[in-house]
Amino acid sequence: MSKSIISLLQKDTAGADSTGYLPIGSVTYRTFADLQPVYRLQAVYGVPEHELRIETTTRFFNAAIGDGRSANDVQPLQLVKGALLLDSWVSVGAAAVDYLGVLKADDDSVKSYGANNVQGILKNNNPEVGIPLTEKDGMKYLRYQPATQYYNLENDLKIFEYQHKDSVKGLFSTRDGAWASYGGSVGPQPDNRILIAQLTTDGVLSFELNMQLAVPNGGVEKFVAKNPGEGEVEFPELRYSSSPSNKAPMVSLEGPELKKLTSPQMLEFTAMANDPDGKIVSVDFYINDKLVAVDMEAPYVFKYNYEGKGVKVSATAVDAIGARTRSDDFMLPALKKQGD
């Protein structure tokens, strides 16, 4: 298993609204399965004894155009628009239709969709990014990518679809489902490294994965994150946290009584935030996922001029390590006009 941080985002959000709001501080992670030569990836799965879990303390970024559950849903011609290149999805090798996902260091392509972004974003130069997206995007042209198959994941993968971004939290979990490759996937030889997920979030990312591989002799091998049973191999690298030694902060948002909202007025929201192993450095307040205020001292209060429009308010607590946790959304209703 290997992981590649492809973009740390501090200044690339301004042009992203047209394809979905990208929170400041977002990080894009790519996760690869490093297999022995000739081995094939068959499935990433969850069963009753072994949960398949991918989680963030906030939410995953979902692009508004060209998005989907897997990389096979992403159309290359759309990748120059907004932040679609940083969309969140699962995969069995592809990074887009007709494109193989590779480490940026292994990308020998001349063209970079990051360099050709029509809105001029994706230019972050944080040293942790490594090779900038304007130079290499980790995509290699190769027709006929293996398609991602789904088993018992009809509702679970809504987490990666833009249309459901307001109705699901940052958690994908199954004990009876899988994404898989019919016939098995192999990566570029001799490395045989296969991209299995791209995840963009401004929160703490964690996952527990289980994999089934086809081996050269015609059999299969199963690798699990923990608690192996008969015929299974525990592989610790299938467990991951972007902040393994730091506990994420906790936050809840309190607002006005909805039944008293009969006319436009100034409203006050209070975020209750604490950090179990450190301190809160700020609470960020959002209206419809856009940052509108920051409070760095308790009590964490936000005043909002409510004009009677239906909006959602949320708060994100940030600790000293940079871990973020987002509150549940507080939904303000749209006031009915007289005569409605």
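Table: residues versus (1) modelled with pLDDT of 95 or more; (2) under 26 Å from LYS222 (Cβ atoms); (3) under 16 Å from the mean Cα position of the chain (by Cα); (4) buried (at least 24 other Cβ atoms within 10 Å of the Cβ).
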residue: VAL47; (1), (2), (3), (4): yes, yes, no, no
residue: LEU52; (1), (2), (3), (4): yes, yes, yes, yes
residue: ASP67; (1), (2), (3), (4): no, no, yes, no
residue: GLN75; (1), (2), (3), (4): no, no, no, no
residue: LYS81; (1), (2), (3), (4): no, no, no, no
residue: SER112; (1), (2), (3), (4): no, no, no, no
residue: GLY130; (1), (2), (3), (4): no, no, no, no
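Just to be sure, is PRO276 assigned to a loop (DSSP other than H, G, I, E, B), touching a strand residue (DSSP E or B) at 6+ places or on another chain (Cβ under 8 Å), outside the structural domain of GLU51 (by TED's automatic domain parsing) and of a type outside the set (A, V, I, L, M, F, W, C)? Judged against the criteria, PRO276 is a match. Could you tell me whether any residue of segment 90-108 is farther than 24 Å from VAL186 by Cβ and in the same structural domain as TYR21 (by TED's automatic domain parsing)? Checking segment 90-108: not a single residue is farther than 24 Å from VAL186 by Cβ and in the same structural domain as TYR21 (by TED's automatic domain parsing).
Given the criterion modelled with pLDDT under 95 and more than 30 Å from ARG143 (Cβ to Cβ), identify the matching residue among ASP176, ASP191, ASP166. Of the residues listed, the single one that is modelled with pLDDT under 95 and more than 30 Å from ARG143 (Cβ to Cβ) is ASP166. Residues considered: ASP319, ASP295. Of these, the only one that is farther than 22 Å from TYR21 by Cα, charged (D, E, K, R) and surrounded by 13 or more Cβ atoms within 10 Å (Cβ to Cβ) is ASP319. Checking segment 230-253 against the condition returns no match, with no residue being out of contact with any strand residue (DSSP E or B) (no Cβ under 6 Å at 6 or more places or on another chain), under 28 Å from ASN305 (Cβ atoms) and part of a helix (DSSP H, G or I).
When LYS290, LYS259 are screened for being without any contact (Cβ under 8 Å) to a residue 12 or more places away in the chain and closer than 24 Å to SER167 by Cα, only LYS259 passes.
Within segment 171-207, being more than 22 Å from ILE6 (Cα to Cα) and either outside the structural domain of ARG69 (by TED's automatic domain parsing) or of a type in the set (Asp, Glu) (or both) holds for one residue alone: ASP176. Within segment 176-207, restricting attention to residues that are charged (D, E, K, R) and more than 23 Å from LEU84 (Cβ to Cβ), the residue that is surrounded by the most Cβ atoms within 10 Å (Cβ to Cβ) is ARG193. Among the residues making up segment 243-262, a single one is charged (D, E, K, R) and modelled with pLDDT of 95 or more: GLU254. For ASN210, the requirement of being surrounded by 15 or more Cβ atoms within 10 Å (Cβ to Cβ), among the polar types (S, T, N, Q) and at pLDDT 95 or above is met. Taking each residue of segment 157-173 that is under 15 Å from THR57 (Cα atoms) and looking for partners that are modelled with pLDDT under 90 and of a type in the set (A, V, I, L, M, F, W, C) with beta-carbon atoms closer than 6 Å, six or more apart or interchain, yields ILE159/VAL168. Every test in (1) part of a loop (DSSP other than H, G, I, E, B); (2) farther than 30 Å from GLY218 by Cβ; (3) among the small types (Gly, Ala, Ser) is passed by GLY187 save one, and that test is (2). Of the residues examined, LYS111 is not one that is closer than 23 Å to VAL204 by Cβ, assigned to a loop (DSSP other than H, G, I, E, B) and not aromatic (Phe, Trp, Tyr).
The values are calculated or read from the model by the stated rules, or taken from the named source; none is laboratory data. Everything numeric here is computed off the predicted structure, so don't read it as measured data. Neighbour counts run over all protein chains shown; Cβ positions are idealised from the backbone, glycine included.
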